Amino acid sequence: MINFNEPIMVEKAFDYVREAINNKKLSGDGEFTKRCNFWLEKWSGAPKVLLTTSCTHATEMAAILADIKPGDEVIMPAYTFVSTADAFVLRGAKAKFVDIRPDTMNMDEKLIEEAITEKTKAIVPVHYAGVACEMDTIMEIAKKHNLRVIEDAAQGVMSTYKGRALGSIGDYGCYSFHETKNYSMGEGGALVIRDKDNCEMAEIVREKGTNRSKFFRGQIDKYTWVEAGSSYLPSELNAAYLWAQLEIADNIFNNRMESWNLYWEGLRGLSESGKIQLPFIPNECNHNAHMFYIKAKDLDERTKLISYLKSKGINSVFHYIPLHTAPAGKRYGEFVGEDVYTTKESERLLRLPLYYGMKKIDVERVIDAIMEFYTK
Ligand SMILES: *Cc1c(COP(=O)(O)O)cnc(C)c1O
């Protein structure tokens, strides 16, 4: 059986989790949390990155920091995970969904301006499969209309756009370290803060609305409740598990990229003969091999392909059910313009098994099975 995903585990994690336990510091913001924050700051070039309990929570923090209020509108793609919308509708905002580009499956930057009204507060680009949205255009639109940009870079750790780290381009960026992502702490994430002026408030919101972080740095002699906040701080145990991976982040990146490239080479023929479509990576983007997907002709062909792969012991999966067609999406959101690609392309897309340490022979088995399906 070839699983779709296998949780990443690197041997050093045992030592680091033991060390965290021996340090008698299991709550957040200990040595391992700091190391992860620092590593992410260095990699992203942002002045502050804070480990959080999930990417969903990082996005909630960004919504609080961007002062999203009831009645505000937030522009995002309908082709995304529910968290992208949840974080904003929880604050009473309305999700305005725009169509995607069929080539990258990212929000179509050319449709954003049509969706802007006097209630619009923010744009939330989602970097699907770790391939960047057209960020220069998006940032220009945001500047012109005075909107905040919050990047859902859940899948984008170690990906860049014109050499800049995903998550560091907008006002805020959100990473995920969920079990299904390239780097994982089981459940976890991080918030990237681009502007120095917003760093202190981010620390406060993350620490239940207190100025405790400042207290621990010795900048004040007692801490107190200064804002409405929540508890977005992960445990040291989770941070220790993640740290073992960040230390060898390049190895993990290269290992995933090898599998990604094998898929690409192996399936190129089928793509050239027009049977399937492969991912498109714009020139400005360096991706992180988060995902390898193919597109079948339509829903019917994809359903048959999934069954065929299953019969060969291969698990492949699809996602997302476009948010505007979901019960909560209808209640909390609205599609702007016409759904030309979101539904159609989401019904064609199939994700193939890809994880750290996947054996070459297993990637080849998946490729062979797909070739058989299309040539039998
Ligand atoms: C995984 C994912 C999330 C949620 O991440 P969590 O860490 O599980 O909260 C949000 N958005 C996208 C695009 C994702 O892929």
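Counting beta carbons within 10 Å around each of L352, L246 and listing the fewest first gives the order L246, L352. The share of Cα pairs per 5 Å bin across region 312-351, counted from zero up to the longest distance, runs 6, 21, 23, 20, 14, 8, 5, 3, 1 percent.
Charge dipole of the chain (Cα centre as origin; +1 on each Lys and Arg Cβ, -1 on each Asp and Glu Cβ, all else neutral): 560 debye, rounded to the nearest 20. Model label sites at Y374 and E19, defined 7 Å from Cα along the beta-carbon direction, differ in position by 4.6 nm.
With the chain treated as a Gaussian network of Cα nodes joined by springs under 10 Å, which of K359, K222, K25 yields the largest mean-square fluctuation? Of the options given, K222 has the highest mean-square fluctuation. 3J(HN,Hα) along region 169-181, derived from phi through the Karplus expression 6.51 cos²θ - 1.76 cosθ + 1.60 where θ = phi - 60°, amounts to 8, x, 5, 9, x, 10, 10, 10, 10, 5, 3, 8, 9 Hz, with x in place of Gly and Pro. Neighbours of N198 by Cβ distance under 14 Å: Lys/Arg scored +1, Asp/Glu scored -1, total -2.
Counting 0.36 nm for each residue step from H145 to I361 and taking away their Cα separation leaves a gain of 72.6 nm. Only helical runs count toward this figure. For the chain, summing -39,500 (n - 2.57) over DSSP H runs of n ≥ 4 and dividing by all residues gives -11500 deg cm²/dmol at 222 nm.
Farthest toward the positive end of the dipole of the chain, out of L147, F14, C285, is the Cα of F14, where the dipole comes from beta carbon charges about the Cα centre. The mean sequence distance of close C-alpha pairs (under 8 Å, at least 6 residues apart), as a share of the length of the chain, puts its relative contact order at 23 percent.
Among E179, E203, the ranking by other beta carbons within 10 Å of each residue's beta carbon, starting with the fewest, stands as E179, E203.
The DSSP beta bridges internal to the chain are antiparallel in roughly 55% of cases. Max-minus-min Cα coordinates of region 253-328 on each principal axis give 38, 33, 25 Å, with the largest extent listed first.
The label point for D298 and the one for T224, both projected 7 Å from the Cα toward the Cβ, are 6.7 nm apart.
The Cα atoms of region 219-357 cover 69, 44, 35 Å along the three principal axes, with the biggest extent listed first. By the count of neighbouring beta-carbon atoms within 10 Å, fewest first, E31, E114 end up ordered E114, E31.
Looking at the chain as a GNM with Cα springs under 10 Å, which of D171, D197, D108 has the largest mean-square fluctuation? The residue that fluctuates most here is D197. Spin-label pair E114-K12: with each label point 7 Å from Cα along the Cα-Cβ axis, the two points sit 4.9 nm from one another. The Cα center of region 30-63 and the Cα center of region 78-135 differ in position by 22 Å. Converting phi to 3J(HN,Hα) with the Karplus coefficients 6.51, -1.76 and 1.60 and the offset θ = phi - 60°, region 65-79 yields 5, 7, 6, 6, 10, x, x, 5, 10, 10, 8, 8, x, 7, 8 Hz in sequence order, with x at every glycine or proline.
Using θ = phi - 60° in the Karplus curve 6.51 cos²θ - 1.76 cosθ + 1.60, the 3J(HN,Hα) couplings for region 155-160 round to 9, x, 5, 6, 10, 9 Hz; x is entered for Gly and Pro. Stretched out straight at 0.36 nm per residue, the stretch from F280 to K310 would grow longer than its current Cα-Cα span by 8.2 nm.
No lab work stands behind these numbers, since they all come straight from the coordinates. Values in this document were obtained by computation on a predicted structure and should not be read as measured data. Ideal geometry is used to build each Cβ from the backbone, glycine not excepted, and the neighbour counts take in all protein chains shown.
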